[in-house]
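A quick write-up on the structure given underneath.
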Amino acid sequence: MSFRVTQSLSADAANRQVQATFAKLFRSQQTLSSGKKVSKPSDDPSSIGRLLQFKERSRELERFERNAGEGRAFVDSSASFLEDVSARIIDARVNVIQGITGSLTQSDRDTIATTLDGIIEDMVSLANSRVANRYVFAGTASDRQPYRLVTDPSGAQRVQYDGNSDRLVAEVGPGVQAAFNVPGELIFGAGPRGATTFSGLTGVASGTGTDNGTGTDQLILSHGVTSYGGGGLAPGASSPALDTVLGGSHLVHVKITSGSSSGLVSLNGGPDFAFQLSDADLKVVGPDGETAFLDLRGVISPMDADVSLSATGSYSLDGGATSSPIDFTSANQQVVDSHTGAILNLDSTAVRRAGNETVSFGAFGLFDALISLRDGLRNVGTDGSLPADDLKRLNGSLAELDKSHDRMLSQLGVLGGLSARLQNAEVSLGDLGVRLAELTSKIEDVDLAEAVIALQQNETAYQSALLVTSRVNELSLLNFI
């Protein structure tokens, strides 16, 4: 059976051809105007999956590259702040060296100490530097100020660290993290702990335990009650307030002849002091400066003997806010500073006199060293010369400042290494991004020359279809007569 082609069928076929060629022309126009040959899944179903993966990967690389760039900016700013800190340390050192010159007056040293006050404040400010509202030296606690200059009720000043020792990290690759900070504790904190030392003549020594304080502190050894082992001796009226003897290893030698009302008395083999049997408050000083006030009215002549003396006492490491009775038999007695929590282990077995001891904990941070130097300059004698023990202590604190400076410079080098790593990551990520963009472009972007040719071909096809359609539609009965 034959199939008859009617005029209507021819017209419909021609119209469909026009629509098809127009659709191709329209797509060519869209492709050329947008520059994209794949803009929706139906454009190229086989390529759309890879294209979406490439775009997701590209966004991920951009995020990693941004993290690396921001981290590097943070590191470089931190390094710049530390360079300023280093300059202030050098200024402080120059001033301290000038201050320990023996020819200076105490007024000169006080002026230098005031200069150090300003340097300490400047350095606290630098230690609290911020980048984009993040404190750079606070560890991961970067939302709060890490350093505070604190004055304890005892008048002692210290710089307190409120940050932590953790590292800030940035994700610079799948499962790859890079640190971009150095916690302030590693920069301004104490280095390896050495031996704790004492400056005075009380006889106290370091115990067997491990101390945890840093810098310097003041240990106060106070006299309590003096007792005598016979001989008619008793504490004088000034004994409770002014005696400096401590412990039970003291001897008072009394010598008075029969029938005499006067004699000689000495403490611990020191110089003889003349006395009258009517003396109720005689001051006697031993060879190491220890002092006892004696009531000699009970002495009976004749006498030429040693009388034992013992005295209780107490320790305080926080300016008297708290105190602990001295255990003169203990080789490791602990005393705690209630303001800082510092623990000091003491050997009390050789304690012989009351007084103040400057304790050097053997672990100095940068601020510890500066405060120790400042206070040391203020507390020396006023006769224009520096006592030997003060000079030794100041030189020791200066050496600790140099060690702290070296540790800070070492961490500055660490920051340089972090910056280099982040920069390398940034460059590598940028290169990967370029390569990924090229791969994406091959799938997504149009080839201009090919697109122009396709447009021209589709225009020709469309025009041809229109021409054919118009001729088909012009046919009438007259064409067949």
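The values are calculated or read from the model by the stated rules, or taken from the named source; none is laboratory data. Worth saying up front: this structure is predicted, and the values here are computed from it rather than measured. When we count neighbours, we look across all protein chains shown, and the Cβ atoms used for this are built from the backbone with ideal geometry, even at glycine.
Data table
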item: Among residues of the range 168-177, those that are part of a strand (DSSP E or B) and within 15 Å of residue 419 (Cα to Cα), counted; result: 5
item: Top-ranked residue of the range 81-96 - restricted to ones that are of a type outside the set (Val, Ile, Thr) and in contact with a Ser or Thr (Cβ under 9 Å, 6 or more places away or on another chain), ranked as farthest from residue 186 (Cα to Cα); result: 95
item: Selected residue (only one of 300, 326 is under 16 Å from residue 353 (Cα atoms), in the same structural domain as residue 216 (by TED's automatic domain parsing) and among the β-branched types (Val, Ile, Thr)); result: 326
item: Residue in the range 71-92 that is more than 19 Å from residue 214 (Cα to Cα) and not in a helix (DSSP H, G or I) present; result: no
item: Scan of the range 178-229 for residues that are in a loop (DSSP other than H, G, I, E, B), touching a helix residue (DSSP H, G or I) at 6+ places or on another chain (Cβ under 7 Å) and farther than 27 Å from residue 124 by Cα, ordered by number; result: 199
item: Single match in 349, 340, 312 (criterion: out of contact with any strand residue (DSSP E or B) (no Cβ under 7 Å at 6 or more places or on another chain) and surrounded by 15 or more Cβ atoms within 10 Å (Cβ to Cβ)); result: 349
item: Total residues in the range 363-381, condition surrounded by fewer than 19 Cβ atoms within 10 Å (Cβ to Cβ) and either free of Cβ contacts under 8 Å to residues at least 60 places away in the same chain or in contact with a Ser or Thr (Cβ under 7 Å, 6 or more places away or on another chain) (or both); result: 1
item: Answer residue from the range 255-309, given it is part of a loop (DSSP other than H, G, I, E, B) and aliphatic (A, V, I, L, M) and is modelled with the lowest pLDDT among those; result: 300
item: Answer from 242, 201, 264, 246 - the residue that is buried (at least 22 other Cβ atoms within 10 Å of the Cβ) and in contact with a strand residue (DSSP E or B) (Cβ under 8 Å, 6 or more places away or on another chain); result: 246
item: Filtered residues of the range 136-167 (kept if assigned to a strand (DSSP E or B) and either in contact with a Gly (Cβ under 8 Å, 6 or more places away or on another chain) or of a type in the set (A, V, I, L, M) (or both)); result: 147, 149, 150, 158, 159, 161
item: Leading residue by the ranking (farthest from residue 80 (Cα to Cα)) among those in the range 95-133 that are of a type in the set (Val, Ile, Thr) and not in a helix (DSSP H, G or I); result: 105
item: Any hit, the range 317-328, residues being under 29 Å from residue 149 (Cβ atoms) and either out of contact with any Ser or Thr (no Cβ under 9 Å at 6 or more places or on another chain) or crowded, with 19+ Cβ neighbours inside 10 Å (or both); result: yes
item: Test: residue in the range 234-254 that is without any contact (Cβ under 8 Å) to a residue 24 or more places away in the chain, within 20 Å of residue 356 (Cα to Cα) and of a type outside the set (A, V, I, L, M); result: yes
item: Hits in the range 151-165 - residues which are under 21 Å from residue 356 (Cβ atoms) and out of contact with any Asp or Glu (no Cβ under 6 Å at 6 or more places or on another chain); result: 151, 152, 153, 155, 156, 157, 158
item: Residue among 215, 236 that is small (Gly, Ala, Ser), surrounded by 16 or more Cβ atoms within 10 Å (Cβ to Cβ) and either modelled with pLDDT under 95 or not assigned by TED's automatic domain parsing to the domain that holds residue 267 (or both); result: 215
item: Filter result for the condition that a residue is buried (at least 20 other Cβ atoms within 10 Å of the Cβ) and farther than 30 Å from residue 424 by Cβ, over 109, 148, 144; result: 109
